[in-house]
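The values are calculated or read from the model by the stated rules, or taken from the named source; none is laboratory data. What you are looking at is a predicted structure, and each value in this text was computed from that prediction instead of being measured. Cβ atoms come from the backbone with ideal geometry, glycine included; neighbour counts cover every protein chain shown. Only protein heavy atoms, including side chains, enter the accessible area calculation; ligands, DNA and RNA are left aside. Shrake-Rupley method; radii C 1.70, N 1.55, O 1.52, S 1.80 Å.
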Amino acid sequence: MPSLTIASVEAFAYRVPIQNPIKVSFGTFRDRPVVLVKVVDADGAVGWGEAWANWPAVGAEHRARLVNDFADRLVGRTLDEPAQAFNLLTRQLEVLVLQTLEVGPIAQAIAGIDIAVWDLFARKAGQPLHRFLGGGPIDTVPVYATGINPDSPEVFAAARRAEGHRAFKLKTGFDHAKDVRNLRAMREAIGPADELSCDANQVLSLEQAIAFARDVEPLRLAWFEEPIRVDAPRDDWQRLAAASTT
């Protein structure tokens, strides 16, 4: 794999206003932010990455500024393989993480740069990134309609279905009865064949998640995302899996 020298690293924060704010169990999204990361090498080749920036509302600009601040650590460096950038930044910024306790934002900024560097190496190799990483040919990419609010979600789902969507994910974790009612209404609106899933964003206890999974079992959910805390003990996850057909 040929080496390359980094000439510049730059982040761009964008926001798209949302007409109907998206409600999730931990807050409300009033716009859709995105942070794109551009890495250019000495030959002028470009790689693109993305830094996670959904929350909080000011997160996009904050992460973009972190990326731009970290750029000085890479510019002028020659990389022999893509992982060098990630390893270098992770090692150099460990003390900053301890100093600030901004574990997430710093990791997300590094990740955006890492993706862009991998994309840059892939482009230099004349391959799409998924092939460069060892993946096979891809002809289609499945999608699903998400960010569906708990307020009359069946109406939103029906409208998206009319546009051609055949998979849907509802935000849950608000109220057991309301969440069950919403999923039932959505299943009725989209029919028996379409894919239906939900995301509780980690707010349920193990007992609540088991009760919910059992109550929605007839709806044949494709998956139940983040039902309990992601740092819950493995035994809790195993008990939930054993108690649910989802």
Tabulated pairs, segment 128-145, first hydrophobic (A, V, I, L, M, F, W, C), second open to solvent by less than 100 Å² (accessible area, probe 1.4 Å) and part of a loop (DSSP other than H, G, I, E, B), C-beta under 7 angstrom, 6+ apart or interchain: 132/125; 145/165
- prompt: Within segment 195-239, how many residues turn out to be open to solvent by less than 70 Å² (accessible area, probe 1.4 Å) and farther than 19 Å from residue 175 by Cα?
  reply: 3
query: Of all residues in segment 188-202, which are of a type in the set (Asp, Glu) and closer than 19 Å to residue 229 by Cβ?
result: 199
- request: Say whether the condition of being touching a strand residue (DSSP E or B) at 6+ places or on another chain (Cβ under 7 Å), open to solvent by 50 Å² or more (accessible area, probe 1.4 Å) and part of a loop (DSSP other than H, G, I, E, B) is met by at least one residue in segment 166-189.
  value: yes
Criterion (surrounded by 19 or more Cβ atoms within 10 Å (Cβ to Cβ) and aromatic (Phe, Trp, Tyr)) met by exactly one of 86, 121: 121
- request: Determine which single condition residue 65 fails, assuming it passes every other condition in (1) closer than 23 Å to residue 124 by Cα; (2) open to solvent by 80 Å² or more (accessible area, probe 1.4 Å); (3) at pLDDT 95 or above.
  value: (1)
query: Is there a residue in segment 76-89 that is modelled with pLDDT under 95 and either within 30 Å of residue 176 (Cα to Cα) or out of contact with any strand residue (DSSP E or B) (no Cβ under 6 Å at 6 or more places or on another chain) (or both)?
result: no
message: Against the condition among the aliphatic types (A, V, I, L, M), touching a residue at least 24 places away in the same chain (Cβ under 8 Å) and in contact with a Pro (Cβ under 8 Å, 6 or more places away or on another chain), how does residue 196 come out, does it pass?
response: no
statement: Out of (1) within 18 Å of the chain's Cα centre (by Cα); (2) under 16 Å from residue 114 (Cβ atoms); (3) of a type in the set (D, E, K, R), the one residue 73 does not meet is (1)
task: Determine whether residue 228 is touching a helix residue (DSSP H, G or I) at 6+ places or on another chain (Cβ under 8 Å) and either touching a residue at least 60 places away in the same chain (Cβ under 8 Å) or assigned to a helix (DSSP H, G or I) (or both).
output: no
message: Please go through segment 122-175 and give me each residue that is aliphatic (A, V, I, L, M), farther than 23 Å from residue 18 by Cβ and more than 20 Å from the chain's Cα centre (by Cα), ordered by number.
response: 122, 125, 138
Residue 13 being open to solvent by less than 20 Å² (accessible area, probe 1.4 Å) and either at negative phi or not in a helix (DSSP H, G or I) (or both): no
- line: Picked from segment 100-118 (must be among the β-branched types (Val, Ile, Thr) and open to solvent by 50 Å² or more (accessible area, probe 1.4 Å)), the residue farthest from residue 36 (Cα to Cα) is 100
- line: Within segment 25-55, the residues that are within 25 Å of residue 150 (Cα to Cα), open to solvent by 60 Å² or more (accessible area, probe 1.4 Å) and either in a helix (DSSP H, G or I) or free of Cβ contacts under 8 Å to residues at least 40 places away in the same chain (or both) are 30, 32, 55
- request: Of the conditions (1) closer than 15 Å to residue 223 by Cβ; (2) open to solvent by 80 Å² or more (accessible area, probe 1.4 Å); (3) aliphatic (A, V, I, L, M), residue 155 clears all except one; give me its number.
  value: (1)
